[in-house]
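So the structure is just underneath, and the comments pick up after that.
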Amino acid sequence: MNQTVRQGGGSTVRGAALALLLTVYPSTRLASQQPDTARPAPPIITTGATVVPTDTTHRMHPMGAFLRSFLLPGWGQAATGRRVTGALFATWEGVTAMMTLKAQSEYHYLKETNWPTLGAKRQEVQDWLVLWIFNHFFSGAEAFVSAHLQDFPKDLKIRAFPDGAGGRGGGLGVGVSLPLSR
């Protein structure tokens, strides 16, 4: 009599039990975290000041802006409301892509004709390729910073003052407009 012994059947059952346990456990834990409505809420003390909530619904997360602009330069800038900057990055992306392809095509032609200055053309292809890659990184970094600065006041003004009376040097001034509510 030839009997075959199957091993590993128990591990399948254990794996299924573990998967079932992991799917059931979080729901019971979430149910225990519900707020207690039996206790009254603490009293709200008002000072009469007008509280304006920040607008976080339209705010772009900095890493999301970075990834968008890293994949397609200008996309993260457009998503953060900086359309002109995004258009400039997208335009430069097109220029560097087309110049890389043009230089690569010229390189292949010169290689077939055994042109003596082939090294210079190869260097040109590499230069355009580096600019193309740099545009992706710089666009992503710029989108990351601009997403961090979305809540920065737009009314910030910096201006240089002319030389003062008596030969004293000028200066640099910073001003912020603050709306006053009555």
(message) Can you find, within the range 86-124, the residue that is surrounded by the fewest Cβ atoms within 10 Å (Cβ to Cβ) among those that are small (Gly, Ala, Ser) and in contact with a helix residue (DSSP H, G or I) (Cβ under 7 Å, 6 or more places away or on another chain)?
(response) Ala97
(request) Give the residue that is farthest from Gln126 (Cα to Cα), with candidates limited to residues of the range 54-110 that are assigned to a loop (DSSP other than H, G, I, E, B), touching a residue at least 24 places away in the same chain (Cβ under 8 Å) and among the charged types (D, E, K, R). (result) Arg59
(request) Looking for whichever is within 30 Å of Trp132 (Cβ to Cβ) and either loosely packed, with under 10 Cβ neighbours inside 10 Å or modelled with pLDDT of 60 or more (or both) here; the options are Arg6, Arg83. Which one fits? (result) Arg83
(message) Under 6 Å between Cβ atoms, which residue pairs at least 6 apart in sequence (or on different chains) link something in the range 134-153 that is under 16 Å from Phe70 (Cα atoms) and touching a residue at least 60 places away in the same chain (Cβ under 8 Å) with a partner that is polar (S, T, N, Q) and part of a loop (DSSP other than H, G, I, E, B)?
(response) Ser146/Thr80; Ala147/Thr80
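When you look at Pro179, is it at pLDDT 75 or above and assigned to a loop (DSSP other than H, G, I, E, B), yes or no?
On the way: at pLDDT 75 or above: no; assigned to a loop (DSSP other than H, G, I, E, B): yes.
Spelling it out, it is not the case that Pro179 is at pLDDT 75 or above and assigned to a loop (DSSP other than H, G, I, E, B).
The values are calculated or read from the model by the stated rules, or taken from the named source; none is laboratory data. In this text, all values refer to a predicted model and were calculated from it rather than measured experimentally. We place every Cβ from the backbone using ideal geometry, glycine too, and count neighbours over all the protein chains shown.
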